[in-house]
Amino acid sequence: MTTKFLLTEDELPSHWYNILADVPEPLGAFLSPRTLEPLTPPDLTPIFPMAIIGQEVSAERWIEIPDRVRDIYKMWRPTPLYRATRLEKALDTPARIFYKYEGTSPAGSHKPNTAVPQAYYNAEEGIKRLTTETGAGQWGSALAFAGGLFGLEVMVYMVKVSYQQKPYRRALMETWGAKVLPSPTDQTEFGRSVLAREPDSPGSLGIAISEAVEDAATRDDSHYSLGSVVNHVLLHQTVIGQEAQKQMEMADAYPDVVIGCVGGGSNFAGLAYPFLADRLSGKTNTRFIAAEPAACPTLTRGLYAYDFGDTAGMGPVVPMYTLGHNFIPDTIHAGGLRYHGDAPSLCLLVKNGFIEARAYKQNECFAEAVRFARSEGILPAPEPSHALRAVAQEAAAAREAGDSRVILFNLSGHGHFDLGAYDAYFAGQLEDVELPQERLDTALAELPKVPAGAA
């Protein structure tokens, strides 16, 4: 019996799925950071192309993928789905475990699924330059790759601790033509203000976002490009789940549990949202587990409230689970999961009980990543190691219950540029960080005061 399920190029999805057509209640309005009144499309035109703004506010269930984007997708899509039979044996479980592997993209992760359409829509509008932030470097790598395909200059503000931990991610971005700076920088007004207060700041995604937005908003030739959180990004990622639905049919199985790691929500949503459509329509009882780091436990310990998406308060104010826009996480190796908030649509589904959130420490996650690598041969990035920890828990529960539940998870990228983290793990140098309540309370005290009725 084969353990690998492949689709042909002709089976590549033709449309993206928009979960906003099916959520159990409307999302709260996105608010202007200046007035705290509902945001309007003109408020976003300085940083996004009109096609992206249209997708961000659309309630259409299906949005067509442009032919040129689909043609580029075919460089690596459809991606494979595997049954992890060797991992099942290693976990001594009757569960059937499947994973969708996104590490086959040129950037080594799921991120090009949105980088390519974002570069396309910006180029179509005549934009010459894109700015962005990146944590561990997967997103910056993806946008550097996509920008090069469309002749766009790309400026990446990389969170400083990741810039230092992952030099080869920076080299990859530079190979594709991007310029990479460690954030906070002295190149933006906000970066200079952070450095004045904390010269040795390790940076955060919130700070890097603020720098990238400031950069784009002050130049006519530039737009800002975001790798997670906002709806158009999650929308673009649903090619993952749509392919997985067809591949699970080939495997004659349907998931009882769908698992993904969560920083902002893009890889989780990309796999889970097409399956969540079945759950929301009452067709299935599939469970969905979002795995996050204990050092940045947005969904498990954050407050559901309106907050800025960036530290400077330049971006929209949105309803989400948040640790506070001024919160700076500890320097764990899963740099892509060090974000203070999460996608509003994902947070709404957690709030309504359709998604369960779990938080894990990094040593237990690396242990599962090592077990996976020794079983299946693929080295996971630190981010999806959190999903693997949840998979191990579900596999143990299946063994105790004596059932053969079907577990599907997203292996969102490989860890070839993260070997320094593995080296630290084997040397016993990884610290298990948990967020003290005092730090959380301090950050949450600084949420914006949204007027009653503004949303």
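The table below lists the values:
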{"quantity": "So A244, is it farther than 30 Å from L6 by Cβ, buried (at least 23 other Cβ atoms within 10 Å of the Cβ), touching a residue at least 12 places away in the same chain (Cβ under 8 Å) and aliphatic (A, V, I, L, M)", "calculated": "no"}
{"quantity": "All positions within the stretch 73-125 that are over 17 Å from the mean Cα position of the chain (by Cα), closer than 15 Å to L411 by Cβ and of a type in the set (A, V, I, L, M, F, W, C)", "calculated": "W76, L81, A84, L87, I97, F98"}
{"quantity": "From H416, H386, residue being within 20 Å of the chain's Cα centre (by Cα), assigned to a helix (DSSP H, G or I) and of a type outside the set (A, V, I, L, M, F, W, C)", "calculated": "H386"}
{"quantity": "Only one of V194, V229, V213, V257 that is among the β-branched types (V, I, T) and on the phi > 0 side of the Ramachandran plot", "calculated": "V229"}
{"quantity": "Every residue from the stretch 1-54 that is closer than 30 Å to L81 by Cβ, touching a Ser or Thr at 6+ places or on another chain (Cβ under 8 Å) and of a type in the set (V, I, T)", "calculated": "T3, I19, V23"}
{"quantity": "Pick from the stretch 263-309, criterion in contact (Cβ under 8 Å) with a residue 40 or more places away in the chain and among the β-branched types (V, I, T), ranking: surrounded by the fewest Cβ atoms within 10 Å (Cβ to Cβ)", "calculated": "T300"}
{"quantity": "The stretch 125-139, residues that are under 16 Å from Y224 (Cβ atoms) and either aliphatic (A, V, I, L, M) or in a helix (DSSP H, G or I) (or both)", "calculated": "I127, L130, W139"}
{"quantity": "Cβ-Cβ under 6 Å pairs, at least 6 apart or on other chains, the stretch 416-431 side in contact (Cβ under 8 Å) with a residue 12 or more places away in the chain, far side assigned to a loop (DSSP other than H, G, I, E, B) and of a type in the set (K, R)", "calculated": "F417/K166"}
{"quantity": "Within the stretch 281-309, considering residues that are under 19 Å from the mean Cα position of the chain (by Cα) and part of a loop (DSSP other than H, G, I, E, B), the one farthest from D441 (Cα to Cα)", "calculated": "G309"}
{"quantity": "Out of L411, L419, sole residue that is assigned by TED's automatic domain parsing to the domain that holds C261, over 26 Å from T286 (Cα atoms) and hydrophobic (A, V, I, L, M, F, W, C)", "calculated": "L419"}
{"quantity": "Wholly within the stretch 59-124, strands (runs of 3 or more DSSP E) carrying at least 3 residues that are touching a Ser or Thr at 6+ places or on another chain (Cβ under 7 Å)", "calculated": "96-101"}
{"quantity": "Any chance R439 is basic (K, R), surrounded by 13 or more Cβ atoms within 10 Å (Cβ to Cβ) and either under 22 Å from the mean Cα position of the chain (by Cα) or under 21 Å from Q164 (Cβ atoms) (or both)", "calculated": "no"}
{"quantity": "Pick from the stretch 161-185, criterion of a type in the set (D, E, K, R) and farther than 25 Å from G313 by Cα, ranking: surrounded by the fewest Cβ atoms within 10 Å (Cβ to Cβ)", "calculated": "E174"}
{"quantity": "Count of residues meeting criterion [among the basic types (K, R) and either part of a strand (DSSP E or B) or in contact with an Asp or Glu (Cβ under 6 Å, 6 or more places away or on another chain) (or both)] in the stretch 329-380", "calculated": "2"}
{"quantity": "Verdict on T188 being of a type in the set (V, I, T), surrounded by fewer than 24 Cβ atoms within 10 Å (Cβ to Cβ) and closer than 25 Å to G103 by Cα", "calculated": "no"}
{"quantity": "The stretch 381-407, subset closer than 23 Å to Y254 by Cβ and either in contact with an Asp or Glu (Cβ under 8 Å, 6 or more places away or on another chain) or not assigned by TED's automatic domain parsing to the domain that holds I289 (or both), residue surrounded by the most Cβ atoms within 10 Å (Cβ to Cβ)", "calculated": "L388"}
{"quantity": "Within the stretch 131-161, tally of residues that are within 16 Å of the chain's Cα centre (by Cα) and either among the small types (G, A, S) or more than 21 Å from R219 (Cβ to Cβ) (or both)", "calculated": "8"}
{"quantity": "Residue in the stretch 396-408 that is within 23 Å of A269 (Cβ to Cβ) and out of contact with any strand residue (DSSP E or B) (no Cβ under 8 Å at 6 or more places or on another chain) present", "calculated": "no"}
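The values are calculated or read from the model by the stated rules, or taken from the named source; none is laboratory data. Just so it is clear, the model here is predicted, and its values are computed rather than measured. When we count neighbours, we look across all protein chains shown, and the Cβ atoms used for this are built from the backbone with ideal geometry, even at glycine.
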